[in-house]
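Worksheet for the structure shown next.
The values are calculated or read from the model by the stated rules, or taken from the named source; none is laboratory data. Please read all numbers here as calculations on a predicted model, not as lab measurements. Reconstructed Cβ throughout: ideal geometry from the backbone, glycine too, with neighbour counts over all protein chains shown. When the accessible area is computed, the model is the full protein with side chains, heavy atoms only, and any ligands, DNA or RNA have been set aside. Shrake-Rupley method; radii C 1.70, N 1.55, O 1.52, S 1.80 Å.
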Amino acid sequence: MRKILIPLLSMVLVVVLSIPTISPAGNGKKKVLVVMSYEEPIENPWSKEIKEGIDSVLAKTHEITYFYMDTKVNLEGGEKKAKEAYSLYQKLQPDGVITADDNAQSMFVLPYLLENKVKVPIMFCGVNATAVKYGYAQTKDPRKPVVNISGILERGHIKESVAFIKQIIPDIKTIGILAKDSPSGKALLNQVKAESDTYNVKVGVAELVKTVEDLMKIIERLQKCDALFMDSMEGLRDGDKLLSYKDVIEIINRDIGIPLIGANKSHVTQGALCAVVKTGDEQGEAAAEMLLKAMRGTPVPDIRIVQNYQGRRIINVAVMKEQGIKAKPQVLIGTTLVK
């Protein structure tokens, strides 16, 4: 009997060892799908920052697939891109999803992932609207997820940026606020509306524009402001041409000629005077860490929604020199200087 059992056990062992190990990505790594609202990093500095943050947490241990919806330059094509993103999701069957910025929520998550009751953990970043608006959180507790979605909300450092330019140019009394007419732009103006009474200057103009023609209609009002905060202007249309942020800066400098406050580092390097910038790497890293926690077993409703808080002061010294601005030395302490 013993002689019979030994060969049988050997055969069973051989069969068991010959069965291939099935892993989520075929290489032992879990799969993550990242759907970006905007363009690839080479074309969009904000996407680059978010990707760097995500990669710093997940790249070495996970198989990451990035999909770009290109809605900064082609908002009208966003729905088609969202459909493509869902087809990719179905093909990949990822273990987790990260979605960046508002267009990915309204065009991809809501009509596809939520509608089809996808069970995998989903983390967002770069979201300007409230989590309650998208049905991600409780009304009574807007940081408490109600579905399998959590993440990090984005709030521009507008108050801090306004205070910063006031330190650089103390005579500023009135500012304008300008953003492209988009979900992110609308959320930004809602933020301004909610907090503008805490600014140390008056908001003279707060407008959304889609085209250069729209911009020309409010130029006279903007000229009465002492400075202009400008965000989310990539993709502004001038006839058949889509403008970059730098193109819009050139129009502002030519036709209005007031100091510009940006929202991201790339805005300042492209010609805005200054900013207290929000950082995409902070948000990408936070979303990735939250997703990692969920994929390791923490229930998503136990992962509270957070908000970005890191701000970095930046001045373009070349612009400061061109505009004849002389900031006090103490203003430059702890400030990143770019050209």
TODO: Please tell me the relative contact order of the chain in percent, rounded to the nearest whole number, where contacts are Cα pairs under 8 Å and at least six residues apart.
DONE: 19
- [ ] Per DSSP H run of n ≥ 4, the term is -39500 (n - 2.57); total these for the chain, divide by its residue number, and report the mean residue ellipticity at 222 nm rounded to 500 deg cm²/dmol.
- [x] -10500 deg cm²/dmol
Task: Angstrom value of the Kirkwood radius, inverse mean 1/r, which spans all Cα pairs in segment 39-105 - done: 12.8
Open item on the list: Please compute the Kirkwood hydrodynamic radius over segment 181-339, one decimal place, Å, based on all pairs of different Cα atoms.
Closed with: 17.8
- [ ] May I ask you to list the residues of segment 199-213 whose amide nitrogen lies under 14 Å from a point 7 Å from Cα along the Cα→beta-carbon direction of Asp247?
- [x] 210-213
Task: 0 to 90° range, to nearest 10: angle between helix 245-255 axis and the chain longest Cα axis - done: 10
Open item on the list: Using only Cα atoms and rounding to the nearest 10 degrees, what angle (0 to 90) does helix 2-18 make with the longest principal axis of the chain?
Closed with: 20
- [ ] Give me the distance in nm between label points sitting 7 Å out from Cα along the Cα-to-Cβ direction at Lys339 and Ile42, one decimal.
- [x] 2.7
Task: Mean shadow area of the chain, taken as a quarter of the surface of its Cα convex hull (nm²) - done: 22.0
Task: Principal-axis tilt of helix 78-92 within the chain, Cα atoms, nearest 10 degrees - done: 20
Open item on the list: Please compute the per residue accessible area over the chain with all protein chains in place, 1.4 Å probe, rounded to a whole number of Å².
Closed with: 49
Task: Of Lys246/Lys339; Lys72/Lys173; Lys173/Lys241; Lys193/Lys321; Lys72/Lys210, pairs whose Cα-Cα distance is over 23 Å - done: Lys72/Lys173; Lys173/Lys241; Lys193/Lys321
- [ ] Can you figure out the FRET efficiency of Asp214 with Glu79, using R₀ = 30 Å and their beta-carbon distance, to the nearest 0.05?
- [x] 0.80
Open item on the list: How large is the translational diffusion coefficient of segment 201-241 in µm² per second when you combine the Kirkwood radius over alpha carbon pairs with Stokes-Einstein at 4 °C and 1.567 mPa s?
Closed with: 115
Task: Accessible area of segment 158-224 belonging to carbon and sulfur atoms, whole % at 1.4 Å probe - done: 48
Task: Per-bin percent of Cα-Cα distances, segment 136-269 [5 Å] - done: 2, 10, 19, 21, 19, 12, 7, 6, 4, 1
- [ ] Count neighbours as other Cβ atoms within 10 Å of each site's Cβ, and list the GluC sites (Glu not before Pro) in segment 21-116 that are DSSP loop with at most 16 such neighbours.
- [x] Glu43, Glu115
- [ ] With both partners inside the chain, how many of the DSSP beta bridges are antiparallel, as a percent to the nearest 5?
- [x] 15
TODO: Calculate the spin-label point distance for Arg312 paired with Arg254, positioning each point 7 Å from the Cα along the beta-carbon direction, and give it in nanometres.
DONE: 3.1
